[in-house]
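Report on the following structure.
The values are calculated or read from the model by the stated rules, or taken from the named source; none is laboratory data. This structure is a prediction, so every number in the text was calculated from the model and none was measured. Because the Cβ atoms are built from the backbone with ideal geometry, glycine has one as well, and the counts that use them run over all protein chains shown.
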């Protein structure tokens, strides 16, 4: 017997086929249950691999580690399938039952031997196992959803997911002080599982088809608070403040760089001077591959960033941990007198739920420096430039693929937006 695997399909994600020949009379070509992106298929080894962009990521990059784990999982299942096929073929050969019909039965019958669970907890595990492309971080989110639902109803079946479940489970999460946005996300995950169950021909309710979670679980007034951004005046105050401690000066420079490059802290701390490129006009740029998404972008280094590099003999500030960066920039803003009370969320605050201390986001009035986090750079960049620069140019720096995602980072309040709109009409000659 000789066999080989190949890809077939019109889309980037193609199905893996197997071609089998035995002697001169037997030739069978059948699809398997496996699919793979054409850029992630090793034509020699006949296995999944990292694509070109993923291969260039640092070995410590979370997205690369997640992909390597997913690929290892895929290849293990694919190898098991291959061994099962070889064993089946040899058994037919040994028992003199090798025919095209019997050979095809292996492929048409392989799913029938795998019974799909219908209890919710087991089904979520089945869903995660069967969907090869799911990253490890997404699996963790799904398993948190599984555990929350199991805490609400440990005997829930897929058939029980209907309007009554949505109402009762939503109320349960509400009573346990979960944010409405988290409730929508969690029940949205349940709907994803329901869709998969429906595709697998499990007898489920049609109710989730019509769920409108934004209407069913709208944000409460107490939750309507945005993470803050830094104004031009505050950036100038941060730039001018003098520190006695080197670690705060170091954190201050990183904070300013983040506001002018719009990068996440995981990418920010990987900036090094040797990656900088200069064009024929003398303008400097920094090409990076974003760790979270694997996106390739090239960031223009504005004058404010160049002045920090000049201050440091051409180098970026000293690398520090994410946690220290979060802690230090709060102190930087405090020293810069950015301490006005603002209505904003504060993260990882202890609250009592069912007699236990858990850590949640709470919303209230806090000194602004206390609610500054590492993401303030992206929010500040978008909020300050969104009304002066086209969204496409902003996306090329933030790395977002859609305008809607950029808008998420716009933290101008309604009055600020109205004032900008009025100024534009005034500039056009209308008072």
For residues in segment 165-207 being part of a loop (DSSP other than H, G, I, E, B) and within 25 Å of the chain's Cα centre (by Cα), which is farthest from residue 139 (Cα to Cα)? 177
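Where in segment 214-287 are the helices (runs of 4 or more DSSP H), entirely inside, with at least 1 residues that are modelled with pLDDT of 95 or more and more than 30 Å from residue 171 (Cα to Cα)?
Answer list for segment 214-287: 232-240, 246-261.
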Filtered residue count, segment 380-421, keeping only those that are at pLDDT 60 or above and either touching a helix residue (DSSP H, G or I) at 6+ places or on another chain (Cβ under 9 Å) or assigned to a loop (DSSP other than H, G, I, E, B) (or both): 22
Please work out if residue 374 is under 25 Å from residue 254 (Cα atoms) and modelled with pLDDT under 90. no
Go through segment 255-285 and give me each residue that's free of Cβ contacts under 8 Å to residues at least 60 places away in the same chain and under 23 Å from the mean Cα position of the chain (by Cα). 267, 269, 271
Which condition does residue 309 not pass, out of (1) farther than 19 Å from residue 375 by Cα; (2) in a loop (DSSP other than H, G, I, E, B), if it passes all the others? (2)
